[in-house]
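Comments concern the structure below.
The values are calculated or read from the model by the stated rules, or taken from the named source; none is laboratory data. Quick caveat: nothing in here was measured; it's all calculated off a predicted structure. In this analysis, Cβ positions are derived from the backbone assuming ideal geometry, glycine residues included, and neighbour counts consider all displayed protein chains. Side chains included, ligands, DNA and RNA excluded: accessible areas come from the protein's heavy atoms. Shrake-Rupley method; radii C 1.70, N 1.55, O 1.52, S 1.80 Å.
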Amino acid sequence: MDINLTIIGQSIAFAVFCWFCHRYVWPLFANVLEERKRTIADGLEAAAQGELKLETASRDSAQQLEEAKSSAAGIIDQANRRANQIIDEAKQQAQVEAERIMVAAQAEIEQEANRAREELRSQVSVIAIAGAEKILAREVDQAANEEMLTQLAAEL
Amino acid sequence: MAEAGAESQTVQEYIVHHLSYLTWGRHPDGHWGLAHTPEEAAEMGFMAIHVDTMGWSIALGAAFLLWFRWVGLRASADNPGPIQNFVESIFEFVDARVTEGFTHKNALIAPLALTVLVWILLMNLMDLVPVDWITGIAALIGEHVFGFDHMPFKIVPTTDPNITMGMSLSIFVLIIWYSIKHKGIGGFLGELAFHPFGKWMVPFNLMIEVPTLLAKPISLGLRLFGNLYAGELLFLLIAGLLGLYQLPMHFAWAVFHILVVPLQAFVFMMLTIVYLNAAHETAH
């Protein structure tokens, strides 16, 4: 076995290579693996949190849906009530209006009747005088009978 | 090349050629240069360096680290591509071994284990490259460019004990360093002297503990070297003895060797982690 300077050369090379590996190679992979480990851990944690959030959100949404349903029911109820109220009011107004119209119509009818009566009354005297002229077939002193005829007309 | 080599060389020459290193060092006359013959290489003694195994070792280590860094810089946490997944699976494998095997706090251990595993794995994998491909091309270049007769060129760094012992001794230094850092010099020496049999048996304790300690780096380095050297030798035997008919045998041994290649890298890494963990232990 020829042992010579090669053994020292190899020792130096070994030392240099170990130093290089320690300084420039090992940390690269250690960092990559560390980073990957962290990424996976973070991912798992995020997933767990996401699940938690989903649970909360679904609980919230169910609650909101419930609230919305109940408030919608309330609004519909209110609207129904309001509608009934409006209908009632309308009915009432219609009735009032109808009554008013009826009263007005009755008043008009009465007025019309009165006017007719007035007219009749004014014409009755003429007809009566004409009738009386024909019946008596003589000249009647109009002035003398005026009072009597007016009285008659008033009685009609 | 195996066939051509086998024609002009004996099997023994062929194997010796494949087991020698391209050596650069100080010649006996004092000048530095390549050794052109095994004898020249032997004369250089300690003041020499194996250009081939050293070069492949550094090239493979640099390729591994630069590639990992290239992948790491483009790594994305959300959308990893297939290459990133591949590198990450190696990373996580090492990280898991360190987490279960190393119970103390030391940010250096995991990168160290990753370097050990992948680097040794790549160096071992060179054993599966057919023995004459790169060596043969290198021998041709050596012949025509550098004027070698038979330029040796070993491509499997872990069949060089310098390489494996270089790593295991580095780890031994770390073991001593962390032992003293965490136990104190007294604690470290006390562990050697007063275990397992207490203070009245100090010489006996030392006789047990000191070899145990020294055996760690030696067994660590020689285990890797031995396994890969044996594998390489068998490939060479098959190639040298059988010539063109080596292919089925070569394939069979390569399939078996595929088990050895990652296993030895893994064993080296695990023992590194275990030894360094023991170095950090303080409570007894």
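Specify which of the listed residues (A:Glu112, A:Glu119, A:Glu55) is at pLDDT 95 or above, more than 30 Å from B:Val94 (Cβ to Cβ) and open to solvent by 90 Å² or more (accessible area, probe 1.4 Å). I'd like the intermediate steps shown before the answer.
Numbers: A:Glu112 fails: at pLDDT 95 or above; A:Glu119 fails: at pLDDT 95 or above.
Result of the check over A:Glu112, A:Glu119, A:Glu55: A:Glu55.
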Inset, instruction - Would you be able to tell me the number of residues in segment A:1-51 that are touching a Pro at 6+ places or on another chain (Cβ under 9 Å), of a type in the set (Lys, Arg) and more than 7 Å from chain B (Cβ to nearest Cβ)? - result: 1
Inset, instruction - Select from segment B:84-108 the residues that are within 11 Å of chain A (Cβ to nearest Cβ), in contact (Cβ under 8 Å) with a residue 24 or more places away in the chain and hydrophobic (A, V, I, L, M, F, W, C) and list them in ascending order. - result: B:Ile90, B:Val94, B:Val98
Inset, instruction - Search segment B:40-83 for residues being at the interface with chain A (Cβ under 7 Å from one of its Cβ atoms) and of a type in the set (Val, Ile, Thr), and hand back the single one that is surrounded by the most Cβ atoms within 10 Å (Cβ to Cβ). - result: B:Thr53
Legend entry - The listed residue being hydrophobic (A, V, I, L, M, F, W, C), under 30 Å from B:Val116 (Cβ atoms) and open to solvent by 90 Å² or more (accessible area, probe 1.4 Å), out of A:Ile101, A:Ile12, A:Ile40, A:Ile7: A:Ile12
Inset, instruction - Tell me, please, whether a residue that is out of contact with any His (no Cβ under 7 Å at 6 or more places or on another chain), in contact (Cβ under 8 Å) with a residue 60 or more places away in the chain and open to solvent by 30 Å² or more (accessible area, probe 1.4 Å) can be found in segment B:210-220. - result: no
Legend entry - Among residues of segment B:216-248, those that are over 12 Å from the mean Cα position of the chain (by Cα), under 17 Å from B:Val129 (Cβ atoms) and of a type outside the set (A, V, I, L, M), counted: 5
Legend entry - Candidate set: segment B:156-185, residues that are in contact with a Phe, Trp or Tyr (Cβ under 8 Å, 6 or more places away or on another chain) and open to solvent by 10 Å² or more (accessible area, probe 1.4 Å); chosen: the one farthest from B:Glu232 (Cα to Cα): B:Ile180
Legend entry - Within segment B:23-34, considering residues that are within 11 Å of chain A (Cβ to nearest Cβ) and open to solvent by less than 60 Å² (accessible area, probe 1.4 Å), the one farthest from the chain's Cα centre (by Cα): B:Gly25
Inset, instruction - Kindly provide the set of residues from segment B:80-98 that are closer than 16 Å to B:Val267 by Cα and of a type outside the set (Lys, Arg), ordered by number. - result: B:Ile90, B:Phe93, B:Val94, B:Asp95, B:Ala96, B:Val98
Inset, instruction - Mind counting the residues in segment B:190-208 that are open to solvent by 50 Å² or more (accessible area, probe 1.4 Å) and touching a Phe, Trp or Tyr at 6+ places or on another chain (Cβ under 9 Å)? - result: 4
Inset, instruction - Among the residues of segment B:47-74, count how many are in contact (Cβ under 8 Å) with a residue 60 or more places away in the chain and either of a type in the set (Lys, Arg) or in contact with a strand residue (DSSP E or B) (Cβ under 7 Å, 6 or more places away or on another chain) (or both). - result: 1
Inset, instruction - Please give the number of the condition B:Pro130 fails out of (1) in a helix (DSSP H, G or I); (2) open to solvent by less than 70 Å² (accessible area, probe 1.4 Å). - result: (1)
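Yes/no matrix, rows are residues, columns are (1) under 23 Å from B:Ser168 (Cβ atoms); (2) among the aromatic types (Phe, Trp, Tyr):
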residue	(1), (2)
B:Leu189	yes, no
B:Leu192	yes, no
B:Pro196	no, no
B:Lys199	no, no
B:Glu209	yes, no
B:Gly221	yes, no
B:Gly226	yes, no
B:Phe235	no, yes
Inset, instruction - Kindly indicate whether A:Leu28 is in contact with a strand residue (DSSP E or B) (Cβ under 6 Å, 6 or more places away or on another chain) and open to solvent by less than 90 Å² (accessible area, probe 1.4 Å). - result: no
Inset, instruction - For segment B:122-136, enumerate the residues that are out of contact with any Phe, Trp or Tyr (no Cβ under 8 Å at 6 or more places or on another chain) and within 14 Å of another protein chain (Cβ to nearest Cβ). - result: none
